[in-house]
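J.: Here's a structure for you.
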Amino acid sequence: MLFDGVDLLDVTGPPEVFALLRRETGQETGYEVVLAAAAMEPVTTAAGVRVLPDLTFAEVSGRAIDTLLVPGSVEVDEERRVQALADPAVVAQVRTLAARSRRVASVCVGAHLLAAAGLLDGRRATTHWSTAGQLAAEHPAVQVDADPIFIRDGGVWTGAGITACLDLSLALVAEDFGEAVALRVARQLVMYLKRPGGQSQFSVPVEPVSSTPRMADLRHFVAEHLTGPLTLADLARHAHVSERQLARIFKAELGMTPAAYIEAARVEAARNRLETTDDTLDRVATACGFGTADTLIRAFRRKLDTTPTEYRSRFRRSG
């Protein structure tokens, strides 16, 4: 799909993967990439690059669609806060075309378009971490998980950050042609079929994406007290709210529970130490609030699908 302001890599990334698939197999793959827009006029992407559509939405709506790929777009306010956009006209087209599609996949913040079209209700989904809170707040029927690179729930796939469109596309190739073929394509892209650390965005959503001073204060409180117990009662007392209200605030603002956020913050702190120091796992665990190396290892397996040792071997910064 094409529309004004769309993220360019959302549009061009998947076709590159499919083109490499054809080159690697040396035969026709059955994939035919068609770019559709409201009219047959050049569409200006967020990067300023103009892209020419192949067909109009009206023309595509009369065809059977194997895979509908839905890109996204954002706007950034004066305070550098990112807001995903969901133009009602584009949402209507997503709803129409999805009904004719075998499977539907969103790239990055394209998940907001799927959600607005009602395609994610009752499903688990991901999006870029910077808009996960917005997705959860605007669409409470969606089970938002801001951590994975991509999620498949039935015939609906959602992808995370912009470059994760490549991971998502490789996953579609793996489903259609097997992991061995997808791995060959990944090697041509100088990528891992599954990134070290599994299907995680790696950057835990601890950047300033909260929209209220209270949530910003809570996040800073967590960051400053990682080695403490940080119980639900501790956070509620600090915010001067009930524990139930605190849980609702975290869900609305960040799309996760307080416990999940605390673990994510501790994992992020541990990642930084593993990348920049030679501290033992016991020392990293203590400094980041995990207590023991075993607890640290379990958290890394849950959040990143790897071990701290494996993570350090891959991402240790020299100097």
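The values are calculated or read from the model by the stated rules, or taken from the named source; none is laboratory data. These figures come from a predicted structure and were not determined experimentally. Reconstructed Cβ throughout: ideal geometry from the backbone, glycine too, with neighbour counts over all protein chains shown. Remember, those area values only see protein heavy atoms, side chains included, never the ligands or the DNA or RNA. Shrake-Rupley method; radii C 1.70, N 1.55, O 1.52, S 1.80 Å.
J.: Mean separation of Cα pairs under 8 Å and 6+ residues apart, divided by the residue count of the range 63-169: what relative contact order is that in percent? Can you show the working numbers first?
T.: On the way: 231 pairs, mean separation 28.3, N = 107.
Across the range 63-169, relative contact order equals 26 percent.
J.: Provide the per residue accessible area, probe 1.4 Å, for the chain, rounded to a whole number of square angstrom. Could you put the intermediate results ahead of the total?
T.: Values: 15170 Å² over 319 residues.
Per-residue value: 48 Å².
J.: Here is a follow-up. Take Met40, Met256 and sort them by solvent-accessible surface of the protein heavy atoms, 1.4 Å probe, largest at the top. Could the numbers behind the result be given before it?
T.: Working: Met40 95, Met256 25 Å².
Putting Met40, Met256 in descending order of accessible area: Met40, Met256.
J.: Ignoring ligands, DNA and RNA, what percent of the accessible area of the chain is carbon or sulfur (1.4 Å)?
T.: Details: 7610 of 15170 Å².
On the chain, the fraction of accessible area on carbon and sulfur atoms equals 50 percent.
J.: I'd like the accessible area for His128: 1.4 Å probe, protein heavy atoms, all chains in place, Å² to the nearest 10.
T.: Estimated to the nearest 10 Å², His128 gives 40 Å².
J.: If packing is taken as the average number of other Cβ atoms within 10 Å across a peptide's residues, how do 85-98, 22-35 rank, most packed first? Kindly include the intermediate steps, with their values, before the conclusion.
T.: Values: 85-98: 17.8, 22-35: 12.5.
The most tightly packed comes first, giving 85-98, 22-35.
J.: With a ≥ b ≥ c taken as the square roots of the eigenvalues of the C-alpha gyration tensor of the range 122-183, please select rounded if a/c is under 1.5 and otherwise prolate if a/b is larger than b/c or oblate if it is not? Intermediate results must be reported in sequence, preceding the final value.
T.: Values: a/c = 3.89, a/b = 1.90, b/c = 2.05.
The shape class here is oblate.
J.: Still on this structure, I have one more. I need to check one value: relative contact order of the chain, counting alpha carbon pairs closer than 8 Å and at least 6 residues apart, in percent.
T.: Working: 562 pairs, mean separation 43.5, N = 319.
Once divided by the residue count of the chain, the mean separation gives 14 percent.
J.: Starting from the residue with the highest accessible area, list Ser106, Ser61 in decreasing order, probe 1.4 Å.
T.: Working: Ser106 0, Ser61 40 Å².
Ranked from most to least accessible, the order is Ser61, Ser106.
J.: Follow-up. Can you give the local net charge around Val144? Use residues other than it whose beta-carbon is closer than 14 angstrom to its beta-carbon, Lys and Arg +1, Asp and Glu -1.
T.: Numbers: positive: Arg123, Arg124, Lys251; negative: Asp121, Glu138, Asp145, Asp147, Asp153, Glu253.
It works out to a net charge of -3.
J.: Same structure again: If you place +1 on the Cβ of every Lys and Arg and -1 on the Cβ of every Asp and Glu, how big does the dipole about the Cα centre of the chain come out, in debye to the nearest 20?
T.: For the chain, the charge dipole is close to 780 debye.
J.: Lys251 accessible area, nearest 10 Å², 1.4 Å probe?
T.: 90 Å²
J.: What is the Å³ per residue value for the convex hull set by the Cα atoms of the range 79-124? Before the final figure, lay out the partial values.
T.: Details: hull volume 4.0 nm³, N = 46.
Residue-normalised Cα hull volume stands at 87 Å³.
J.: Also, quick follow-up: So how do Glu253, Glu179, Glu224 rank on accessible area, 1.4 Å probe, biggest first, that is with the largest at the start?
T.: From most exposed to least exposed: Glu224, Glu179, Glu253.
J.: Give the calculated FRET efficiency between Asp121 and Thr212 to the nearest 0.05, with a Förster radius of 25 Å applied to their Cβ-Cβ distance.
T.: Numbers: r = 26 Å, r/R0 = 1.04.
After rounding to 0.05, the efficiency reads 0.45.
J.: For Thr227 and Ser61, compute 0.36 nm times the residue count separating them, minus their Cα-Cα distance, and round to one decimal in nm.
T.: Values: separation 166, 0.36 × 166 = 59.76 nm, distance 5.55 nm.
Extra length available between Thr227 and Ser61 comes to 54.2 nm.
J.: Let me ask you something else. Rule-of-thumb check for the range 34-175: C-alpha Rg over 2.2 N^0.38 Å?
T.: That works out to 1.00 for the range 34-175.
J.: Give me Rg/Rg_expected for the chain, where Rg uses Cα atoms only and Rg_expected = 2.2 N^0.38 Å with N residues.
T.: Values: Rg = 20.9 Å, N = 319, 2.2 N^0.38 = 19.7 Å.
In units of the globular-protein estimate, the chain measures up at 1.06.
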